[in-house]
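The values are calculated or read from the model by the stated rules, or taken from the named source; none is laboratory data. Quick caveat, the model's predicted, so the values are computed rather than measured. When we count neighbours, we look across all protein chains shown, and the Cβ atoms used for this are built from the backbone with ideal geometry, even at glycine.
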Amino acid sequence: MPSWEGKSKGNKLGYSIFIGTLRYGGVLPAYVLLRFVAAYYFLFSYSSSRPIFQYFHTRVGYGWWRSLVSVYRNYYVFGQVLIDKVVVMSGIRNKFTFEFEGEHYLREITAAGKGGIMLSAHLGNWEVAGHLFQRLETRINIVMFDGEHERIKQYLSSVTGERNVNIIVIKDDLSHIYAINEALSNQELVCMHSDRFLAGNKTVTASFMGADARFPAGPFLLAATFRVPVSLVFAFKETSRHYHLYATQPREYHGRRRQGVETAVQDFVQELETMVKKYPEQWFNYYDFWEISEEK
């Protein structure tokens, strides 16, 4: 069964080169350097290029040549997203502009005083969205796997500073469940990715982009268990300097827990498919996302 390995690619030297370029030359020179890095991954990273090519060719429906070109463009946009994250979080001078569509929905959640859950995916630039949602004037908790190499995390923290959000790390002892419960009890927002899972995690299967795919059951189970407002949130890079952020109308998943999970999954997958079709080159899952194997 395909699953994410829980680690981010890249190394400390690569990050330091780009950050040095950003500090002394700005965003545009970093984008120029990125073209060569994207070309390297395009030519030599078969393990990630194969599944993303199949995504463009089979799921999006591009022809062979357009799919090949889109693989390179995908690597390039992914690199831009990483650069933009560092720029925004570290306060480097920039000319980025942002459009918020549905921000009033998130303000409704915070005004209700119940806490809330925001679900997203590895699509677009969630880091930018999470950073900018501080304007909601409530504490934001981001639930994530602790998959980055520790040295890279420490180096990035020295550049961007400590995040102005609380990180809840997913652990085998399930202590993150108690942390999430505490955050919601304090009327805070909890943000989770809902598209990747590690081997051994519980999953749910749903039809997505024309074929069955597995999604982690955890985020949807939490949404149905805590019964707080849930909004689906995404942020996309539309030009070199402009981002478009989306938030859906919040919904609570009442009823029996299994029914709540199934409804939450359906809502998420439907919105995710809409966004993937609108921004196909900003899908950043580099493994066989749709490959379903039988489980005994």
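Taken over the range 135-181, the criterion of being modelled with pLDDT of 65 or more, surrounded by fewer than 14 Cβ atoms within 10 Å (Cβ to Cβ) and not aliphatic (A, V, I, L, M) is satisfied by Arg135, Glu137, Asp146, Lys171, Asp172, Asp173, Ser175, Tyr178.
Yes or no, residue by residue, for (1) buried (at least 19 other Cβ atoms within 10 Å of the Cβ); (2) farther than 18 Å from Thr58 by Cα; (3) of a type in the set (D, E, K, R):
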{"residue": "Val228", "(1), (2), (3)": "yes, yes, no"}
{"residue": "Val233", "(1), (2), (3)": "yes, yes, no"}
{"residue": "Ser240", "(1), (2), (3)": "no, yes, no"}
{"residue": "Tyr246", "(1), (2), (3)": "yes, yes, no"}
{"residue": "Gln249", "(1), (2), (3)": "no, yes, no"}
{"residue": "His254", "(1), (2), (3)": "no, yes, no"}
{"residue": "Glu273", "(1), (2), (3)": "no, no, yes"}
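Cβ separations smaller than 7 Å between residues 6+ apart or across chains give the following pairs from the range 250-272 residues that are over 16 Å from Ala213 (Cα atoms) to residues that are exposed (fewer than 13 other Cβ atoms within 10 Å of the Cβ): Gly260/His254. Give the residues of the range 90-105 that are within 19 Å of Val233 (Cα to Cα) and not in a loop (DSSP other than H, G, I, E, B), sorted by residue number. Hits for the range 90-105 are Thr97, Phe98, Glu99, Phe100, Glu101, Glu103, His104, Tyr105.
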